[in-house]
Structures are given as C-alpha cells and as structure tokens.
Ligand code: KIV
Ligand code: ZN
C-alpha cells in the first residue's frame, strides 16, 4: 500500500491573490464544486478576514462542499482566527490554516518581532485555532529562507500546541529541488515530534521550479502538496495541481505515494478556472494546454499511430480531453439546459436567473448549432450579458463599420446609472474604436494592460471569449466577455472590467504586515 498524498488546492485563496483574479462568491462556489468532483482532499476557500465578501465566500463554500475539507486562512492574530473559525463552521470537515513569518528578513523588516515573540505568537495562534477545529495547519511563512534551527524550534512548539499539518512555504520561489528536498529530510529527522503531523509543501514558481520542488519534498517525506489549478497564483504562480498529480500518477515507479484525484476532471477544472479568472492557458502548458497532446511532426504522428506509447506518456482522455461532445442544440429544452448546468456545478438561485440564462442559450443556439459544455460555462460566466447587482455600466447597443484604407468607426450606446448615453469614435480597428467610444462616455482614467480573445470551441461560429485587464491607481481587475461576435465580446469584457473597478472592494492582503 502506498502512502496517500493529500492534495490541498488553494486556487480560491493563493490563486485569487494574483492581480486581477478576484472571483465573486458564486464563481468560487462553482470552482469549489468542480474541485470536489476532482476529489481534492482540501479546498482552501479564502482568507475570511480580508473583507465581508471574502468571509461570505468561504462560508458559502463551507456550506455546499461535502466531500473535501474546507480550509480558511488566518494570520496569527485574534480577529483572523475568529473569522476563519466562524467561516468554516458549516463545513462537514473544516480546517484553519494559520501562519507567521520565520525568516530573519520577514521577522525583522515586516513583523518587527524577535524570534522569541514569533514562537510565542505561533503557539498562541495554533491553540486559539484549536478552539474552533481539531484540524489546524501551521505555516512558517518564508520557510524557504528561514534558518533550519529556528524552523525546528517553531515547528516542534506548534506541534506540541496542536498543529496537525506543518506546511513549508517557499514563499518567494527561491529554493531549488535538492535544497528543498533536503530541508524536508532535515526537519522530519530533527524535530522530535514530527511524526505527529503531516508535512506539506507550498511552492511558488518564480524560478519555474514550483512543481519540481514540490516533488522533491514528496520524495523526502512530504505527504501534502499545496497547489492551484493551472498554477494560478501571485507573480509566477503556485505549483500546478494538474502537473504534480499527473507526475505522481505517471511515475508510480518513482513515487511512493498516490492521490485520490479523479484525473478525468482536470481539463474541465482548468477551463473553468481560466474562464472565470480570464487567465488564458498557454497552448504548450503541460497537461491542460491545447497542444499538450497534439502531434504535429509527421514522424511523431506516424509513431503515435503505430503505437501510442512511442511518443505519449499519458492518455489525453485520462485528464479529460476529448470529452468535448456536442451536448445541446437549438431544440434542447429548458429542463435539459438546467440539468446539464447542474451537472457542471451551476445552480440558479432564482427562476428568473434560470429563465434569463435560458434566453441567452436560445440566442446562442440560433447563431451556433452545436453547443458544447465550454459554451455553457462561458454563457453563465459572461457577466457582460447579465443584470448584475451594483453595476454602473451596461451595454445597450453597438454599431461598427470598417473599410480598407479607412479608420474604423464605432457607435456605442451604454446604460449609465439609469440613463442611456451614446458616443461615436474612430480607431485603428473596430475594437480600438469601440473602447475609445466607451471611454469617451465613462472617462474612467484606466490603463488597458491586457487584451486577448480566444475561441471557446472550434470554428468561426464559436463563442469568442475576451479578457481585458484594466489598471487604475494600482488596482488591477480582469473583465471577461463572450459572444459569437468578437467586437461585442470585447465591449462586454471592457464594461465588465469597468464595473469591477467601480465596485468598492478594498480588501486586506494576508501577507501584508498586520
Ligand atoms: O506563500 C506563502 O507563504 C503563503 C502562506 C500564507 C502559506 O501563501
Ligand atoms: Zn503562497
């Protein structure tokens, strides 16, 4: 029997810390349901002390998830721990993850605390978290740059205080595999009570080594990996769930562990996270990139046709590719639509919301005959199409014209806080003209940092999914839009991002000084 490797997904917490990746409560619940289908052991649902919205999201996830442990993050302070404890209260199995920095640079410059004070605070935090749950995880933040002797001292003390998981974060992505693996070996060997806790790896990808470091930790005794779908996360991201899981599954000859992940759900999870956050997946991304299983060169194709294993180490269908079946069409009814979305984890809270989505589905089915799961996911994520609470701007109509050798022209009508306003602008293309027309109406003062369009499925009648990243005063938001017409899709994405910029959502960053 192999040891069980716990898969701890932090897409909804560390993943959400990527600039522009913030998600609404409903979006988090949708992702959490897909993570549950994937069978992840632990879902880190958020940082409840960040804002009321974050608290509500963690509470909502804790209320719906039944088969995975739901975890909340808390700094080692009273308010954070109480909020985390309250947010996971509805969970069938709930965990609090508390942390404090232990590297000399963080203790001195960020916390302004002595090492003795840090140990005392860590012990206090773990004991306080145990008032809410028996499942308490402790992280010495920036462990990758902490002194090993000091780590041993803190970790021994928090295990005595009741921590059941010890997570070792390489917070700044500085470690390399041999070194990170040796750190686990040293900690597990030297800490007298190390057998009373599960050791966990949490790696950031600044040097592109997050997955390699996590696997080195596993080879040296770690039995939990913290990771995110598509490697989403701050800066260069976190360990990619799909990569570590498939490495362990594919190289059973090397690893003494196994996961319980339903790997066939990986591609759906990847597309869902990309669709909701607007973070596109690079085509050559391992496991979930569009080219990950595509063979172009004639020699490779020939080899694969003769015998698959000549060039393929995994089967595309094992990670959920090729489940891309036509699911619905023009004649599909409201019940079939509702049932399929429920299977995809989308439950409408009101009949009205279902009816509105069904109308959008019918409009889409008129333009595009075959509707795939990806289209349905895109349809329900398309905020530019829905009546959102707190929306300041809404698209009413769009008319564009373009001609060889001439500037393109766009005429936009927006609903702005109750009244309709129109503007005309020209630009170097229809999208440029449209964004200029919108800006002439809203005068937002934002900077456009990213604009990208991708096809949801194949074919020129496919939905085009647009992501727009806007920056204003240091705040970054991503907006998404989808439509079979890419100009309309772009306009919706831009308006969606503007609405997010307008919404008041100031929240605390967990790794900032308290
Ligand atoms: O990277 C990090 O150190 C973290 C901690 C909060 C665990 O995300
Ligand atoms: Zn992190």
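All of the numbers you see were taken from the coordinates with simple rules; none came from a lab. Everything numeric in this text was worked out from a predicted model, so none of it was measured. FYI the Cβ positions are ideal-geometry reconstructions off the backbone, even for glycines, and counts take in every protein chain you see.
Would you calculate the volume per residue, in Å³, of the smallest convex hull containing every Cα atom of segment 1-56?
Details: hull volume 4.8 nm³, N = 56.
Taking the convex hull of the Cα positions in segment 1-56, it is 86 Å³ per residue.
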Please give the length that would be gained between residue 449 and residue 67 if that part of the chain were fully extended, namely 0.36 nm times their separation in residues minus their C-alpha to C-alpha distance (nm, one decimal).
133.6 nm
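Would you mind classifying segment 334-385 by shape? Square roots of the alpha carbon gyration tensor eigenvalues, ordered a ≥ b ≥ c; an a/c under 1.5 is rounded, otherwise it is prolate if a/b is larger than b/c and oblate if not.
Judged from the Cα gyration tensor, segment 334-385 comes out rounded (a/c under 1.5).
Between residue 356 and residue 503, what FRET efficiency follows from the Cβ-Cβ distance if R0 is 25 Å, with the result rounded to 0.05? Don't skip to the answer; put the middle values down first.
Numbers: r = 21 Å, r/R0 = 0.83.
After rounding, the FRET efficiency stands at 0.75.
Restricting everything to alpha-carbon atoms, can you work out Rg to Rh for segment 127-211 with a Kirkwood hydrodynamic radius?
Details: Rg = 12.8 Å, Rh = 13.1 Å.
Here the Rg-to-Rh quotient is 0.98.
Tell me what the chain gives for mean residue ellipticity at 222 nm when only DSSP H runs of n ≥ 4 count, each as -39,500 (n - 2.57), the sum divided by the residue total, rounded to 500 deg cm²/dmol. Show your work: numbers first, answer last.
Values: 15 runs with 188 residues, N = 514.
Value at 222 nm, helices only, nearest 500: -11500 deg cm²/dmol.
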For segment 306-445, just say rounded, prolate or oblate: build the C-alpha gyration tensor, square-root its eigenvalues into a ≥ b ≥ c, call rounded for a/c under 1.5, and beyond that prolate if a/b exceeds b/c, oblate if not.
oblate
How far is helix 430-442 tilted off the main Cα axis of the chain, in degrees rounded to 10, range 0 to 90?
80 degrees
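Report D for segment 472-514 in µm² per second (integer): Stokes-Einstein, Kirkwood Rh on Cα pairs, 20 °C, 1.002 mPa s.
Numbers: Rh = 12.0 Å.
Calculated translational D: 179 µm²/s.
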Two pseudo-spin positions, 7 Å from Cα along C-beta at residue 407 and at residue 363, lie apart in nanometres by 3.0 nm
What does segment 24-150 give for Rg and for Dmax, in Å, if only its C-alpha atoms count?
15.3, 44
Over segment 357-514, how many percent of alpha carbon pairs lie in each 10 Å bin up to the one with the longest distance?
11, 37, 35, 14, 3, 0
Rounded to the nearest 0.05, FRET efficiency between residue 343 and residue 190 (Cβ-Cβ, R0 45 Å) equals 0.35
Go from 0 up to the bin containing the longest alpha carbon distance in segment 99-163, width 5 Å each, and give me the % of pairs per bin.
4, 20, 31, 24, 14, 6, 1
Mind checking the angle between helix 177-190 and the chain's longest principal axis? C-alpha axes, 0 to 90 degrees, to the nearest 10.
40 degrees
Cα-based Rg / Dmax (Å) for the chain
24.1, 76
Specify whether the C-alpha gyration tensor of segment 427-514 places it in the rounded, prolate or oblate class, a ≥ b ≥ c being the square roots of the eigenvalues: rounded for a/c under 1.5, otherwise prolate if a/b is larger than b/c and oblate if not.
oblate
Hits in segment 471-490: amide N under 20 Å from the 7 Å Cα→Cβ extension of residue 397, namely 484-490
Taking the Cα of residue 77, stepping 7 Å toward and past its beta carbon, and measuring to each backbone N in segment 155-175: which are under 16 Å?
none
Taking Cα atoms, how many degrees apart are the long axis of helix 351-367 and the longest axis of the chain, rounded to 10 and kept between 0 and 90?
60 degrees
Pairs of alpha carbons in segment 3-277 whose separation is greater than 36 Å (percent):
6 percent
Sites residue 160 and residue 25, calculated FRET efficiency, Cβ-Cβ separation with R0 45 Å, nearest 0.05:
0.75
Compute the length gained on full extension between residue 179 and residue 308: take 0.36 nm times their separation in residues and subtract their Cα-Cα distance, giving the result in nm to one decimal.
42.8 nm
Which order, highest average first, do 91-97, 280-286, 222-228, 486-492 follow once you tally other Cβ atoms within 10 Å for each residue and take the mean per peptide?
222-228, 486-492, 91-97, 280-286
